[in-house]
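What follows is a short report on a single structure.
The values are calculated or read from the model by the stated rules, or taken from the named source; none is laboratory data. Nothing here was measured: the structure is a model prediction, and the numbers come from that model. Note that we place each Cβ from the backbone using ideal geometry, even for glycine, and neighbour counts take in every protein chain shown. The area values use the complete protein model at the heavy-atom level, side chains included, leaving out ligands, DNA and RNA. Shrake-Rupley method; radii C 1.70, N 1.55, O 1.52, S 1.80 Å.
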Amino acid sequence: MQSINPLNGEIIRNYTNHTIEEVTNKVEAAHLAFQQWRITSFENRSKLLVQLANVLRKRKDELAVLMANEMGKPVAQGIAEVEKCASCCEYYAENGPDFLNDQLIKTEAQKSYVSFQPIGVVLAIMPWNFPFWQVFRFLCPAFMAGNTAVLKHASNVPGCALVIEELINEAGFPNDIFHTLLIDSKEVDKVIEHPFISAVTLTGSTEAGKKVAAKAGSLIKKTVLELGGSDAYLVLKDADVKKAAETCVTSRLINSGQSCIAAKRFIVVKEIAEEFIGHFKSIMEHKKIGNPLENGIDIGPLARIDLRDQLHQQVQKAIANGAKCILGGEIPKMDGAFYTPTILTEITAENPAFYEEFFGPVAQIYVVNDEDEAIKIANSTSFGLGGAVFSQDSKRAEHIANNELEAGSCFVNAFVKSDPRLPFGGIKESGYGRELGLFGIHEFVNIKTVYIS
Ligand code: NDP
């Protein structure tokens, strides 16, 4: 396994993959650690999560540089990501005990209630785009609930994967409560098959999700899947157009466009289309592309050169099928996996781009006659992760967000973001199950009924 800097193609470090024996030992150690961890008090778990938050904050600059080097994230965004992980630790340290308390349910029994019991070792398969956040948003509720975990991180971020194990140890968690497995995705099936693996969570592409869920399903092991998205943002005719354009660009360019919940399709009603496109284009073209270690950079290199090339091919295919490119659409003349902010318009339902996720700084803008058509196009996708509606009539926008858009999260006059307090996840091919909030901590527990006659 290698870390390759997407800024210049240099090999940062070579790593030796773990052998099957090493993987088995780590899974077994996590299982043994679970026997002790499951009976620890909530107070103890909360204290350790707060210590983990402190370690993250103390090392945030160094961790942001590691992300910049391994996958190109601009450092300011990396620091914000680490801080978000720390708040997630604190959120579950504070609220976890309430979420996990027994719930009394009145029946004819002397006493009947629900308790939330940990289930064991959970396998987390995580992507490179938010190398810390994706892991912590699973890990904090898992630890709080009394589970232990093993991580198969994306192959291009082994440094991040190993440092997460180090941070957990530094915070004082018991040995073996967490292990990183340096393995190829081809070896994941064997890990899922291990009898000590109780469940699997995966964040990544729909294709990887289907394979992992099929394997886990064949063994009746629960999965939570957080997959791709091609989120639609609807801009209605009474929207504050300038503000909407600013918010839409911010969302589209989060993490250089490589985010599952980044807005990817902008559906704009014809009355305000020209004004919206004017603002949108002008903001996009002023974004600064460059070395993610430098201050003031908006867009770093994409995480890998092959992902950048794949994105460029998608753009070219979209244009060949009739889309109009009004900005970008080219690989900039600089070293590294960079891609120019791009805007595509005039995409018809016959164009493959209509159905695909563009994982990079490429926006699709659709101009429609009215709200009904906007909703129809928004829902004409196999994805359903997060959408947004922009309108000054917030009641009307709320109605569309709540009742009309097919997605796991819908925001009004704001871009979709994850927040430790709110459940997060998708429908359709964007996955199932929820992370974060109360619902997230209940995914990997045995919701046990206890009945005393
Ligand atoms: P993948 O979905 O391939 O990778 C995500 C994780 O899943 C990685 O840890 C990967 O390991 C692992 N994985 C991949 N295939 C399997 C498998 N068959 N069995 C078990 N584990 C597997 O993402 P890519 O890096 O290839 O990116 C491709 C596309 O996926 C992107 O362009 C984007 O559309 C989408 N994506 C979505 C993300 C999201 O946040 N929802 C995040 C990342 C990507 P390994 O790295 O070793 O292959």
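Condition (residue is within 16 Å of the ligand (Cβ to nearest atom), small (Gly, Ala, Ser), free of Cβ contacts under 8 Å to residues at least 60 places away in the same chain and open to solvent by less than 70 Å² (accessible area, probe 1.4 Å)) applied to segment 260-281: is it met by at least one residue?
Looking for residues that are within 16 Å of the ligand (Cβ to nearest atom), small (Gly, Ala, Ser), free of Cβ contacts under 8 Å to residues at least 60 places away in the same chain and open to solvent by less than 70 Å² (accessible area, probe 1.4 Å), one finds at least one in segment 260-281, hence yes.
Counting just the residues of segment 290-319 that are part of a loop (DSSP other than H, G, I, E, B) and among the aliphatic types (A, V, I, L, M), which one comes out nearest to Met71 (Cα to Cα)?
Restricting to residues being part of a loop (DSSP other than H, G, I, E, B) and among the aliphatic types (A, V, I, L, M), the top hit is Ala303.
To keep it simple, each residue is scored yes or no on (1) in contact with a strand residue (DSSP E or B) (Cβ under 8 Å, 6 or more places away or on another chain); (2) touching a residue at least 24 places away in the same chain (Cβ under 8 Å); (3) open to solvent by less than 30 Å² (accessible area, probe 1.4 Å).
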{"site": "Ala374", "(1), (2), (3)": "yes, yes, yes"}
{"site": "Ala401", "(1), (2), (3)": "yes, no, yes"}
{"site": "Leu422", "(1), (2), (3)": "yes, no, no"}
{"site": "Gly431", "(1), (2), (3)": "yes, yes, yes"}
{"site": "Val445", "(1), (2), (3)": "yes, yes, yes"}
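Do the conditions hold for Ala213, that is, is it within 11 Å of the ligand (Cβ to nearest atom) and out of contact with any helix residue (DSSP H, G or I) (no Cβ under 9 Å at 6 or more places or on another chain)?
yes
Look through segment 169-197, keep the residues that are within 19 Å of His31 (Cβ to Cβ) and among the polar types (S, T, N, Q), and return whichever of them is farthest from the ligand (Cβ to nearest atom).
The qualifying residue farthest from the ligand (Cβ to nearest atom) is Asn175.
Looking at the structure I just gave you, is Leu167 in contact with a Lys or Arg (Cβ under 8 Å, 6 or more places away or on another chain) and under 22 Å from Asp61 (Cβ atoms)?
yes
Which of (1) touching a residue at least 24 places away in the same chain (Cβ under 8 Å); (2) surrounded by fewer than 14 Cβ atoms within 10 Å (Cβ to Cβ); (3) not in a loop (DSSP other than H, G, I, E, B) does Gln77 not meet, given it meets every other one?
Here Gln77 clears every test but (2).
Please count how many residues of segment 38-58 are touching a helix residue (DSSP H, G or I) at 6+ places or on another chain (Cβ under 6 Å), small (Gly, Ala, Ser) and open to solvent by 10 Å² or more (accessible area, probe 1.4 Å).
Here the count works out to 1.
Out of the residues in segment 130-167 that are among the charged types (D, E, K, R) and more than 13 Å from the ligand (Cβ to nearest atom), state the one that is nearest to the chain's Cα centre (by Cα).
Top of the filtered list is Glu165.
Do the conditions hold for Val122, that is, is it surrounded by 14 or more Cβ atoms within 10 Å (Cβ to Cβ), in the same structural domain as Lys222 (by TED's automatic domain parsing), modelled with pLDDT of 95 or more and in a helix (DSSP H, G or I)?
For Val122, the condition - surrounded by 14 or more Cβ atoms within 10 Å (Cβ to Cβ), in the same structural domain as Lys222 (by TED's automatic domain parsing), modelled with pLDDT of 95 or more and in a helix (DSSP H, G or I) - is not met.
Out of (1) within 8 Å of the ligand (Cβ to nearest atom); (2) of a type outside the set (D, E, K, R); (3) closer than 23 Å to Ala86 by Cβ, the odd one out for Gly204 is which?
In the conditions (1) within 8 Å of the ligand (Cβ to nearest atom); (2) of a type outside the set (D, E, K, R); (3) closer than 23 Å to Ala86 by Cβ, Gly204 misses (3) alone.
Please count how many residues of segment 357-370 are touching a Ser or Thr at 6+ places or on another chain (Cβ under 9 Å) and open to solvent by 40 Å² or more (accessible area, probe 1.4 Å).
Count: 3.
Looking at (1) within 11 Å of the ligand (Cβ to nearest atom); (2) open to solvent by less than 10 Å² (accessible area, probe 1.4 Å), can you tell me which one Pro127 breaks?
(2)
Taking only pairs six or more apart or across chains, which ones have beta-carbon atoms under 6 Å, a first residue in segment 225-243 that is more than 24 Å from Gly384 (Cα to Cα), and a second residue that is assigned to a loop (DSSP other than H, G, I, E, B) and open to solvent by less than 10 Å² (accessible area, probe 1.4 Å)?
From segment 225-243, the pairs are Asp238/Ser391.
Within segment 376-399, which residues are surrounded by 15 or more Cβ atoms within 10 Å (Cβ to Cβ) and in contact with a helix residue (DSSP H, G or I) (Cβ under 7 Å, 6 or more places away or on another chain)?
Within segment 376-399, Phe383, Gly384, Leu385, Gly387, Val389, Phe390, Ser391 qualify.
Condition first: surrounded by fewer than 20 Cβ atoms within 10 Å (Cβ to Cβ) and either at pLDDT below 95 or closer than 17 Å to Glu165 by Cβ (or both). Now tell me which residues in segment 59-74 satisfy that.
Within segment 59-74, Arg59, Glu62 meet the criteria.
Across segment 80-119, what is the total count of residues that are part of a loop (DSSP other than H, G, I, E, B) and farther than 23 Å from Ser46 by Cβ?
6
Does Ser418 qualify as being open to solvent by less than 60 Å² (accessible area, probe 1.4 Å), within 16 Å of the ligand (Cβ to nearest atom) and either assigned by TED's automatic domain parsing to the domain that holds Phe266 or of a type in the set (Gly, Ala, Ser) (or both)?
Taking the combined requirement at face value, the residue satisfies it.
If Val249 passes every condition in (1) in a helix (DSSP H, G or I); (2) within 16 Å of the ligand (Cβ to nearest atom) but one, which one does it miss?
Condition (2) is where Val249 drops out.
Right, Ile12: open to solvent by 60 Å² or more (accessible area, probe 1.4 Å) and in a strand (DSSP E or B) or not?
Here the answer is yes, as Ile12 does meet what is asked.
If Lys287 meets every condition in (1) outside any helix (DSSP H, G or I); (2) open to solvent by 60 Å² or more (accessible area, probe 1.4 Å); (3) assigned by TED's automatic domain parsing to the domain that holds Tyr432 apart from one, which number is that one?
Checking Lys287 against (1) outside any helix (DSSP H, G or I); (2) open to solvent by 60 Å² or more (accessible area, probe 1.4 Å); (3) assigned by TED's automatic domain parsing to the domain that holds Tyr432, the one that fails is (3).
Starting from residues that are of a type outside the set (Lys, Arg) and without any contact (Cβ under 8 Å) to a residue 40 or more places away in the chain, keep the ones in segment 387-399 and report whichever is nearest to Lys417 (Cα to Cα).
Per the stated criteria, the residue is Glu398.
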